[in-house]
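The next block holds one structure in the form of structure tokens; read it before the comments.
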Amino acid sequence: MPRLRISGIVEESIVDGPGLRYVVFTQGCPHHCPGCHNPQTHDFDGGEFRDTDDILRQFMENPLLSGITFSGGEPFVQAEGRRLLPGSPEGGL
């Protein structure tokens, strides 16, 4: 089963994209930007693994959500895992 290493999830956010968003904070970032808002997400060995099916299932439980936002860390480091979500942007979310 495909999985992502995540730092955490915010189930309802109005500040991370248009509408009411489900936000997945990925774990791991090579950039270490000065003033980063999420420095706890930099460690590639931190966080926890979550099955992409579980992420999608939790998202689908709330009909009020407008979509999923991937934040970080650096989401593109795990782009392959994110792409495997059936409801990823390629699938209309």
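Only the coordinates and a few stated rules stand behind these numbers; no lab work does. Bear in mind that the values here come from a model prediction, so they are computed numbers and not experimental data. Virtual Cβ from ideal backbone geometry, glycine too; neighbours counted across all protein chains shown.
Structural remarks
- For G28, the residues 5 or more places off, or on other chains, whose built amide H falls under 5 Å of its own are H42, D43, G73, E74.
- Neighbour counts of other Cβ atoms within 10 Å put F59, F49, F70 in the fewest-to-most order F49, F59, F70.
- Normalised Debye scattering of segment 1-63 at q = 0.13, 0.14, 0.27, 0.28 Å⁻¹ gives log10 I(q)/I(0) of -0.40, -0.46, -1.15, -1.17, counting only Cα atoms as equal scatterers and leaving out solvent.
- Residue exposure sequence - D45, D54, D16 - by fewest surrounding Cβ within 10 Å: D45, D54, D16
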